[in-house]
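Following: one structure in structure tokens, then a few remarks.
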Amino acid sequence: MRMKRNFFLILATLWGSCVWGQPFPTAPYLPAQAARAQQENAPITVQFPYENMKVSRHADHIFLFGQVFLPQPASLAINGIPVDLFKNGTFLAYLPVTEGNFEFLLTAVSGGQTYQAVRYVQVPGTPLQQLTPKAAFDPEETFPRQPVALRPGSQLPLQTRATPGAQVTARLPGLKKAKKIELTEDANNPGIYRGTFTVDPKQKPKTTHIFYTLTKGPNATRSHYKVPAPVRILPNEPPYTFARINTPGIKVRKRPTSSGNLYPDYRAYGTVRVLEERDGQYLLQLNDRETAWLEKTRLDDAPDFTEEPNTLSFIRQQTTETRTRFTFTLNRPAPIKIHEYKDRLELTLYYVDGFEQNFSLDNISPVVSSIDWAEPGEQTVAFRFNFPAQTLPWGYGYSFDDNQFVLDFYHTPQHTAAAGQPLAGQHIVLDAGHSPHRQIPYDGAVGPTGYLEYEGTLALAEELKPLLEQAGATVFMTRQGDNQMALQDRYDYAKAHAADLFVSLHYNALPETANPFTRPHGFSVYYTYPHSLKLAQSVHKAYAKYVPLTDSGLIENDILFIPRMSEYPSILVESAFLILPEQEDLIRTREGRASFVKALYEGILNFYGATPADVTPARVAQTPAAAVTTPSPEVHSKPRN
């Protein structure tokens, strides 16, 4: 899976040569494209990590990369460990670190002279050695760290980091069966103790705290720690409050974590029932069987909300030339679950008290052959929209319009390819990933020379655009020149221009603790929905044919934002790994990118059943990027009706 850090990176130019025994300089933060004259005084540069960067807690290794500007042959060692230099002087190393303020000493040798510089990083966490002389807890890794609100019968996870090889218990004064809860040390992580407390089903409301006790420490020492965050037991009458979703359509989580653990199909709308609170998250009740977690910041408390009956009173179908629309009339918005399969789409509506089975349907839709429905839980209605054999919608879209839920299935665009122009009439959006940002944190990845991802993706998009236009497509660019564009803005831009395809271009990276040398890395293609699979397969096949890098996979993914655009086939392409010296070398030049351009061009043509041979060659005028402006939403739009 693609993992990329937004703080990925700053060039730190390391000035001058030093001799042993003197302080080693670190450079000011400068973009990699700074005046070349500075290279004479900056023989070593470090692009990652940036100076005093805070890396992952308890990291034991991280990678480091940059460039040596010295006559060859030259050599480099970091903290005494030899590091290979690529042909242009770039380097990538995976090196051990320890907690605290950690120093990398870089030593380069060329022509009999030695040049040295340093890079400092911050590795959070208390070293385990500090917990071993006597019984002690690590407050920074003792949980929970935020207030907790639980119902009777619920479970409370307990975890702390403390002196290894001891015994740890917990107690919650005032709660039943909570006087001595034993925690077990993790055999694979010395010093990590875990346990679980189940609130008694008959427990009355109470606010308390968790007290951890460590016994049998070194030399029979003991230690105690009171968790500052309170634990509140709620009345056994769900829900204990209501809250309004302030980001309609937000995804929810399986567990109360600040990232990851997303449910792929659930979307939250309207006012929801809140059962519990933990780690800054609310536990939402969907029905008698299903719950989900969502950050408190995504909701506004609504304690005065009165839950009235929510009836699904009518379903209307309307089929036009470009789409099939279903409109569900309710009393108010409510959470949904939606998932596309190869032969159907399933929609679940929650908080529905009654379904009057009042339909107005037709039998002329080319993408929906029949509809089934069921009631899988209390106040829950589920629908199954069956597709005709071997037929998928081009895409689908949905939203709440006041109290009406609108579901659109888009038909395959009808177009007549002109002679020599197989893509005539098609609106293709090319999305050059990330935006210009030359200060910490950079938006996207950076390579060993300081080449930034947004530069490489824009260059790739500009080289692909005229080829698609020559094939007859109308091409829209989310980024041109130095314009900034957020993810949601890219979606809105594509929708305003009636996109038929959305292709997002990126270059890959790794989290700083991953070893980049454990296996080969190369290109990958991401998609989310079955209706995007054919496009993803076509582009992936072309990459395997033309790109001289490791095939890192055709990957179904529901985490990345771009492939989740459901209205049309949408994919995200990682052409190479920018952090690897030899792959950055490809990304930085038109010649190196040529294989990416060829694969994208042929892959898109093949998706439409065409090949480059079907395109009439023509001279394509190249427009300088700086002279192009982003079209307004009113220009060249062909709204679906």
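The figures follow:
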quantity	calculated
Odd one out for Asp585 among (1) touching a strand residue (DSSP E or B) at 6+ places or on another chain (Cβ under 6 Å); (2) surrounded by fewer than 21 Cβ atoms within 10 Å (Cβ to Cβ); (3) touching a residue at least 24 places away in the same chain (Cβ under 8 Å)	(1)
Strands (runs of 3 or more DSSP E) contained entirely in the range 173-241, each with at least 1 residues that are hydroxyl-bearing (Ser, Thr, Tyr)	181-185, 192-198, 206-208, 211-215, 223-226
The range 256-284, subset aromatic (Phe, Trp, Tyr) and not in a strand (DSSP E or B), residue most open to solvent (accessible area, probe 1.4 Å)	Tyr263
Residue in the range 386-415 that is nearest to Pro563 (Cα to Cα), counting only those that are in a loop (DSSP other than H, G, I, E, B) and either in contact with a helix residue (DSSP H, G or I) (Cβ under 7 Å, 6 or more places away or on another chain) or of a type in the set (A, V, I, L, M) (or both)	Trp394
The one condition in (1) modelled with pLDDT of 95 or more; (2) surrounded by fewer than 20 Cβ atoms within 10 Å (Cβ to Cβ); (3) not charged (D, E, K, R) that Ala576 fails to fulfil	(2)
Test: residue in the range 485-498 that is out of contact with any Cys (no Cβ under 9 Å at 6 or more places or on another chain) and closer than 19 Å to Phe523 by Cβ	no
Tabulated pairs, the range 556-567, first open to solvent by 10 Å² or more (accessible area, probe 1.4 Å), second basic (Lys, Arg), C-beta under 7 angstrom, 6+ apart or interchain	Asp558/Arg564; Glu567/Lys495
Qualifying residues in the range 121-130 (those that are surrounded by 19 or more Cβ atoms within 10 Å (Cβ to Cβ) and at pLDDT 95 or above) - the one nearest to Arg194 (Cα to Cα)	Val123
Residues that are at pLDDT below 80 and either touching a helix residue (DSSP H, G or I) at 6+ places or on another chain (Cβ under 6 Å) or under 17 Å from Ala418 (Cβ atoms) (or both), drawn from the range 586-624	Ala618, Val620
The range 458-484 residues that are within 16 Å of His427 (Cα to Cα) and open to solvent by less than 20 Å² (accessible area, probe 1.4 Å), paired with ones that are of a type outside the set (A, V, I, L, M, F, W, C) and part of a loop (DSSP other than H, G, I, E, B) (beta carbon under 6 Å, 6 or more apart)	Ala471/Pro422; Ala473/Gln426; Phe476/His497
Subset of the range 489-507 [within 21 Å of the chain's Cα centre (by Cα) and of a type in the set (Gly, Ala, Ser)]	Ala494, Ser504
Residues of the range 48-91 satisfying the condition of being open to solvent by less than 30 Å² (accessible area, probe 1.4 Å), over 17 Å from Leu578 (Cα atoms) and without any contact (Cβ under 8 Å) to a residue 60 or more places away in the chain	Val68, Leu70, Ala74, Leu76, Ala77, Ile78, Val83
Selected residue [modelled with pLDDT under 95 and hydroxyl-bearing (Ser, Thr, Tyr)] from Tyr193, Tyr212, Tyr240, Tyr225	Tyr240
Residue within the range 190-199 that is in contact with a Lys or Arg (Cβ under 7 Å, 6 or more places away or on another chain) and over 29 Å from Tyr240 (Cα atoms) present	yes
Hits in the range 346-385 (condition: part of a strand (DSSP E or B), closer than 14 Å to Glu290 by Cα and not hydrophobic (A, V, I, L, M, F, W, C))	Thr348, Tyr350, Glu375, Pro376, Gly377, Thr380
Output for the range 163-190, where each listed residue is surrounded by 18 or more Cβ atoms within 10 Å (Cβ to Cβ), touching a Gly at 6+ places or on another chain (Cβ under 6 Å) and closer than 19 Å to Thr126 by Cβ	Thr163, Ala166, Leu183
Residue in the range 525-538 that is in contact with a strand residue (DSSP E or B) (Cβ under 9 Å, 6 or more places away or on another chain) and more than 24 Å from Pro264 (Cβ to Cβ) present	no
Val109 vs. criteria touching a residue at least 60 places away in the same chain (Cβ under 8 Å), open to solvent by less than 70 Å² (accessible area, probe 1.4 Å), in contact with a strand residue (DSSP E or B) (Cβ under 8 Å, 6 or more places away or on another chain) and within 30 Å of Ala77 (Cα to Cα)	no
Any hit, the range 500-507, residues being polar (S, T, N, Q), open to solvent by less than 30 Å² (accessible area, probe 1.4 Å) and out of contact with any His (no Cβ under 7 Å at 6 or more places or on another chain)	yes
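The values are calculated or read from the model by the stated rules, or taken from the named source; none is laboratory data. Everything quoted here is computed from the prediction, not taken from an experiment. For neighbour counting, all protein chains shown are included, and Cβ atoms are generated from backbone atoms with ideal geometry for every residue, glycine included. Note: areas computed on protein heavy atoms with side chains; ligands, DNA, RNA excluded. Shrake-Rupley method; radii C 1.70, N 1.55, O 1.52, S 1.80 Å.
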